[in-house]
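Below is one structure, written out as structure tokens; comments come after it.
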Amino acid sequence: MNTDTEDQESISINEASRLELARDAFENNDAQYSKDLHTLKKIEVAKEKHKIEAGETLSSVVFGGLDGIITTFAVVTAAAAAHLTRGTILILGFANLLGDALGMGIGDFISSKAEYDHVKAERRREEWEIENCIEEEKGEMKEIYEKRGLSTEQATEVVDLLLEDKKVFLDRMMVDELGLLPPDEPATAAKNAGITTAAFFVFGGLPLIAFLAAGEYSLESGFDTVFIISIVLFAVALFFLGCYRGVVTGKRWYITGFLTLFNGALTTGAAWLLGYLFDKFTTI
């Protein structure tokens, strides 16, 4: 009976994400289960790496989609409240969508590339210092470990052990001395930026579908059937993205779903009010 239970547990562990199981162990304060996760040989490192990469991709989709749909629908809402024509709403919506999507993707890539170049430059400098000022670098590392609670003898032992492999010593220096983690490679940064841009455009375009399909682009808009359909598309997509954000971040999916929907309602409600006020007190 116990063997069957253990087999079933092994199968479920093999099929599940180790990170999710680790989060469960943490939330349940189950130290033994956490230890088991670290020692189980049946959990393949390659599978875990693949799942982490998949999680990063899904995160790009979620956050790109959230930015896209909220900003675009805010434009649609303000324009509808101001009773602009359907054609004008489409022009404003798609212009905002295209400009923001490209700007967000390019900005994301440039930021990641700048971080990559900075870390690489710092790594080259530290590498040069290891070759030319090794005693000074050893002293800096010892001081860091002593500040963290190690005795002088223990800190010296740790540093000497790390120095048996200069690459390992350099890696630790980058983290312990400079606080710099290995950045994404440019190819990875470009891929993530592309995914974010695509998600921004796809989800951001959903509220515009109703106006695009309705035709009669010279008609004034308002709180009509077309706008209500756009609201429904916006709400469903936003709730879905919020729920999935909860899954990605390890939070309760239904809570993040409703909170995201509430945030979207506040944002677009403010945009509606702005459009209404402009329509009421100005000539557009």
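Taking a 1.4 Å probe, which of I144, I255, I106 shows the most accessible area, and what order do the others take after it? Could you put the intermediate results ahead of the total?
Numbers: I144 35, I255 75, I106 100 Å².
Reading off the accessible areas and sorting them downward yields I106, I255, I144.
On the protein heavy atoms, probe 1.4 angstrom, tell me the percent of accessible surface of the range 133-232 carried by carbon and sulfur. Present the calculation step by step, with values, prior to reporting the outcome.
Details: 3420 of 5600 Å².
About 61 percent, which is the carbon plus sulfur part of the accessible surface.
Sorting the segments 114-120, 226-232 by their mean number of nearby beta carbons within 10 angstrom, highest to lowest, gives 226-232, 114-120.
Taking only protein heavy atoms and a 1.4 Å probe, what accessible area per residue, in Å², does the range 145-284 have with all protein chains in place? Spell out each step's value before the answer.
Working: 8340 Å² over 140 residues.
So the range 145-284 comes to 60 Å² accessible per residue, rounded to a whole number.
Accessible area per residue was computed with a 1.4 Å probe on protein heavy atoms; E127 scores about 100 Å².
Of K138/K167; K113/K138; K120/K166; K120/K167, which pairs sit farther than 19 Å apart, going by alpha carbon to alpha carbon? Result: K113/K138 exceed 19 Å.
The values are calculated or read from the model by the stated rules, or taken from the named source; none is laboratory data. Given the structure is predicted, the values throughout are model-derived calculations rather than measurements. Note that each Cβ is placed from the backbone with ideal geometry, even for glycine, and that neighbours are counted across all protein chains shown. Ligands, DNA and RNA are excluded from the accessible area calculation, which covers all protein heavy atoms including side chains. Shrake-Rupley method; radii C 1.70, N 1.55, O 1.52, S 1.80 Å.
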